[in-house]
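To start, the structure under review is shown below, and the notes come after it.
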C-alpha cells in the first residue's frame, strides 16, 4: 500500500511540470457536488440522457452531473479498471449478466434502506426486473428500461412467397413451414436466421420448450434437461435443413445486416433494435409476438438498471439523482426518444406510438409470458463458455445433445465455485 | 573541429585525468537516468512487481486481495482452456517464423544489382507495416468473408472452394497468422536488406572464383553472414507471437465459432481479468507467460552460438 | 548485368507486391460501393462512387478532432521518448555509476511482459491525476520506453569515444557533452527511434480505448474501433473509416520513406 502511494507521488512529481496536477475529487468549492454518470449507448440514447440530466439540474442546481460515455465493447473493461482502483462513476448503467458479480463483490450500494425510508414504490416497475437486481434480499438497482424479443419479418419477402404474416397464433410449426416457403437459394434469401445468440434466440425457445438455463436456486445448469435440449434443437433443425444461413456465414455477415438488406425473411430480435429497423431505407418490416413452443409462449425479458457505486463520495446526492432517473418524468423522456421501452408503469404507450409504422405493441403484449434473463452471481464465468459451446453445437456436423450435456458439466463446475 | 582534435590529443596523453573525471560520473549518471527510471518505474516496472504479488492472492474485482499462496498457479496449470490457449500461442509464435524466409527472399531480390524500381517495390511491400492494426483487421475480415470476400472469389477463379476463413474453426488460426505475416514481411525485409548490404563484395568474388554458382553463393556466403539479422528478427517474431492479442481481439466478433480455437494466452488473460473479474488468477497467467517468454529468449540466445556468425 | 535479364526478378517481386497491395485496392474499391454492390457475387469492379460512406464516417465521428488528438498524442510521446530515452541511454552507455547494469537489465525486463498487464495500474495513476479523457492521460505512459532506451544505448556504444573524452577534458560536464556533442552525432539513431515511435503511437489502440472513451478525446484508432461497434458488418462504411484513419500515416511514410527505412534497418543491425 505504501508502495502505491510512493508510485503516485513519483508520477505526480514527474508530470507536474507538464500539465499541473488537477484533482479528480468531485467536491468543489461552494458546496457544489459533481456526479459522474456512465452509459454505453450514445447513438440511440445519448440525447435522452442529456435531456434527463438537464431536467435534473433544473430542480437540483447544487448537483452537477457529468455524463461519461464508453462504447459497449469497452464499457465493462473500463468500469472494472476504474473500480479496481477504488474509483468508478458515481452512478452507472448495469445489466443482468453483470449484476451478480458487481453486487456480490461489494461494488454497488445496497438501496433497500433508502427505498424504505423514502417510500419508493418498486411496484411501478416490472417485477421480473426488480428481482433481477435483487441479491440476497437486497435491492441494488432501479430499473431503467426493459426489452422483450419479437419475431421480425420482411413483408416484401412474405408477399413475394405468398405467405401469411405471422401473428399471435403462430407456433414453431408455422415458423418451420414459413421458413421453408421463404427460403430461396437462387436469390440468397433464407427463411430465418438461426444464430447462436442467447437472449435473442435460444433462451426464448428453451423456455418455450419447457426447459431452463439455470435452476431457480441458481445452483444447477439446465443444459442436460431434455426440454432445454429440445429448445436448442429447434434452431439446429432449421440450420440442418438449410433454411438459415450457417453460423459461419452469420459471423462474417451480421444477421442484423442480413435482415436489413432483405437476405433474411424472419429474425428474432429485441425491442432495442426497433429504431434501427424503423429507419432502414428499403426495408419493409414488421414485428409479431414470438411463436409458441411445445410448452406454450415465452419471451426473455431483460432490462437495464441504474446503480450507485459503493465507494461514491456523495451517496446522498447519487441517491437523489438515482431517484430522479427512476421517476416518471425521466422515464417519459426515454419513452419519447423511442430508443427503449421505459421501465416505469404506464409509459409503454408513448414508446409504442413513437414508431407508428411498426406493431410495437407486440413487445408489450408478451409481458405476461415474459421470463427473466437467467443469471447467477458470476454469470460471466459460464456465459462465455456457454456461447462458445452453443455456437459449436449449431455448427455443421455437431450433435447438439452431446455438446449441451458436456457444457452442463462445465457450467455446474462454474456454479459450484460461487459462494 | 580543431578544438575537438586538440582535446582528443590531450585526452590520449593523460589517462590519469580521465580516470578522475570518471569518478564523479555517478552523480550525473543518476541524474540523467532519473526521468526515464521514474517513468518506467511508475508506469511499467511497478505494475510488474505488483502483478507478481497479486498472482499469489485472490483478487476479485473490487475487494481486497487475500493471500492464497500457490492456488492460482495450481489452477493455471490444470485449466484445459490454458493448455489450449498455450498451444495456439505456440502455433502463432512458430508460424510467424514462416515470414522470415519470405522476407529474406524479398530482400535478396530487391538487392539484385542493377535492379530498377527498387524504391517503388519497397514502398508497396511496406504499406502493411504502416497501416493501423485496427484498419488491417477490418480489411482482412472483409477479404476473408465467406460469401462476398475477395479471397474466396479469387480462389473460385481457379476452381477452389473457399470458406469463411475466420469463422471456420479449422482455418481461423492460420488465417490470422497469414495476416500477421503479411504485416511483417516489409519490416523484416528492410532489416534483411541492411544486413545484405553489409556483406563485403569481395567474399562473393572469392566464392565465385572457387566456382560457386549464385545459389551456392547464397547458401555459403549470404545466409551465414545474414544470420545476426535472422537471429534478431526471429527473437522479435517469437516475442510478438507469444504476445499475440490485437488481431484476435479485433477480428473475432461475438459468437464466432472459432473463438476457442484462436484464443491466445494474452486474449484469455484479458477475458479472465476484465470480463470474469479474476484478477489474481489472471496475474498468475501473466507471470507464467512472462517466464515462458524469458525462457524461450534465453534458449534462443544460447542456441544462437551454434548458428549465428558474427563477422 | 543487363537489365533485360532481370525480368524474372521483376516478375516475382511484382507478384509479391500485388499480394501486398491487393487488400488496399479492395478496401478503396469497397469504400466506394453501396452495401448492395459490396455484397454481390461475382464482385462489382466499377463502383457507383458512393461518397456517402465517407460522409457517414464524418457524421458519426468527430474526425477532425480525433485527427488532432492523434497528432498531439503522437508528437508528445515521440518528443518525450527522444529526450528521456536518449538521455538515459547515454548514461547507460558511457557513464559509470553503481548499479548501472542491474538497473538497465531491470528496465529491459519490461519488454517480456504483455502490455495488457499494465492497463490497470496505469489507469489508476492517470485517474488519480484527474487525466481521464484528456490528452496528457493519453500521452503519459507512452512517454517512456524500455525499447527506445535499449536502442539508443546500442547506438551510443557504436560512437567513437575520443570525441567526447576530448570535450570532457575541456571541462564540459556529462550533460553538456551529451547535449552538444553526442546528440548531434546521434541523429540517425534519434531519427530511427522517432519514426518507430510515431508509427507505434499513431496505431496504438488498447490504451486509448480504456483511458479516453469520450469520442471527442479519442485518437483515430479508438474512433475507428467505435465505428465498428456501431456498424458491425456494414463493410463499405468500415472501409471508408479505415481508409480515412490510416491514410495520414501512409502519406507521412511515403514522404519520409528514406528516414523510416533507415531507422528500421538500423534497429536490425545491432
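Provide B:42, A:33 in ascending order of the number of other Cβ atoms located within 10 Å of each residue's Cβ, fewest first.
Sorted ascending by nearby Cβ count, the order is A:33, B:42.
Any idea what angle helix A:226-240 forms with the longest principal axis of chain A, computed on alpha-carbon atoms, 0 to 90 degrees, nearest 10?
70
Using only the alpha carbons, work out the radius of gyration and Dmax of the stretch B:177-262 in angstrom.
19.0, 63
Given labels modelled 7 Å from the Cα in the Cβ direction, how far is it in nm from residue C:41 to residue B:202?
6.2
Need one number: the % of Cα-Cα pairs in the stretch C:118-270 sitting beyond the 18 Å mark.
Counting every Cα pair in the stretch C:118-270, those more than 18 Å apart make up 69 percent.
Apply 1/(1 + (r/R0)^6) to the Cβ-Cβ distance of residue B:306 and residue B:102, taking R0 = 35 Å, and write down the FRET efficiency to the nearest 0.05.
Efficiency at R0 = 35 Å is approximately 0.90.
For the residue pair residue C:83 and residue A:357, what label-to-label distance in nm results when each label sits 7 Å from Cα along the Cα-to-beta-carbon direction?
For residue C:83 paired with residue A:357, the spin-label model returns 5.6 nm.
Does a label point 7 Å from the Cα of residue A:54, set along Cα-to-beta-carbon, have any residues of the stretch A:317-332 with amide nitrogen under 20 Å, and which are they?
A:321-322, A:324-332
Mind giving me the FRET efficiency for residue B:71 and residue C:170? R0 is 45 Å, r the Cβ-Cβ distance, nearest 0.05 is fine.
Computed FRET efficiency for residue B:71 and residue C:170 comes out at 0.10.
Inside 10 Å of the C-beta atoms of B:251-264, what's the mean count of C-beta atoms belonging to other chains?
Mean partner shielding for this stretch: 5.
In whole angstrom, note down how far apart the Cα centers of the stretch C:20-50 and the stretch C:189-258 are.
22
Assuming 1.306 mPa s and 10 °C, estimate D for the stretch B:137-290 with Stokes-Einstein, Rh taken as the Kirkwood radius over Cα pairs, in µm²/s.
Answer from the Stokes-Einstein relation: 84 µm²/s.
How large is the helix-only mean residue ellipticity at 222 nm for the protein assembly as shown, computed as the sum of -39500 (n - 2.57) over DSSP H runs with n ≥ 4, divided by its residue count, in deg cm²/dmol to the nearest 500?
The helix-only estimate for the protein assembly as shown comes to -18500 deg cm²/dmol at 222 nm.
Kindly provide the pair-distance distribution of chain B built from C-alpha pairs, with 20 Å bins from 0 and whole-percent values in order of increasing distance.
Each 20 Å bin holds this share of Cα pairs: 23, 45, 27, 5.
Extending each Cα 7 Å along its Cβ direction at residue B:116 and residue B:34, get the distance between those two points in nm, one decimal.
6.0
Could you give the spread of the C-alpha atoms of the stretch A:77-182 along their three principal axes, from largest to smallest, in whole angstroms?
Cα spread of the stretch A:77-182 along its principal axes, largest to smallest: 59, 34, 21 Å.
Limiting things to C-alpha atoms, what are the Rg and the maximum Cα-Cα separation (Dmax) for the stretch A:139-215, in angstroms?
15.9, 54
Can you give me the relative contact order of chain B as a percent, contacts being Cα pairs under 8 Å and 6 or more apart?
Once divided by the residue count of chain B, the mean separation gives 29 percent.
Using a Förster distance of 56 Å, how high is the FRET efficiency between residue A:184 and residue A:218, based on the Cβ-Cβ distance and rounded to 0.05?
0.80
Arrange the following residues from fewest to most other Cβ atoms within 10 Å of their Cβ: C:113, C:255.
Final ranking by Cβ density, sparse to dense: C:255, C:113.
List the relative contact order of chain A as a percent without decimals, with contacts defined as Cα pairs under 8 Å and 6+ residues apart.
The normalised contact order for chain A reaches 24 percent.
To the nearest Å, what is the center-to-center distance of the stretch A:209-226 and the stretch A:359-402, using C-alpha atoms only?
What the calculation gives is 12 Å, centre to centre.
Return the average number of partner chain Cβ atoms within 10 angstrom of each residue Cβ along peptide B:192-198.
Averaged over the peptide's residues, the number is 3.
What relative contact order, as a whole-number percentage, does the stretch A:336-412 give when Cα pairs under 8 Å and 6 or more residues apart are counted?
Taking the mean separation of contacting Cα pairs over the length of the stretch A:336-412, I get 17 percent.
Need one value for A:404-414: mean number of C-beta atoms belonging to other chains within 10 Å of its residues' C-beta atoms.
Per residue, the number of nearby Cβ atoms from other chains is 0 on average.
Translational D (Stokes-Einstein, µm²/s) of the protein assembly as shown at 10 °C and 1.306 mPa s when Rh comes from the Kirkwood sum over C-alpha pairs?
Result for D is 51 µm²/s.
Provide A:190, C:10 in ascending order of the number of other Cβ atoms located within 10 Å of each residue's Cβ, fewest first.
Result, fewest neighbours first: C:10, A:190.
On a C-alpha basis, how far is the centre of the stretch B:59-121 from the centre of the stretch B:242-272 in Å? Whole number, if you could?
Cα centroid of the stretch B:59-121 versus Cα centroid of the stretch B:242-272: 12 Å apart.
Compute the orientation-averaged projected area for chain C from the convex hull of its Cα atoms and round it to one decimal in nm².
Taking the Cα atoms of chain C, their convex hull projects to 20.6 nm² on average.
I need the semi-axes of the equivalent ellipsoid of chain A: take the C-alpha gyration tensor, multiply each eigenvalue by 5, square-root it, list largest first in whole angstrom.
Taking √(5λ) for each eigenvalue gives 40, 25, 21 Å, largest first.
Every number in this text was worked out from the coordinates using simple rules, so none of it is lab data. Quantities reported herein were computed from a predicted structural model and do not represent experimental measurements. Cβ atoms come from the backbone with ideal geometry, glycine included; neighbour counts cover every protein chain shown.
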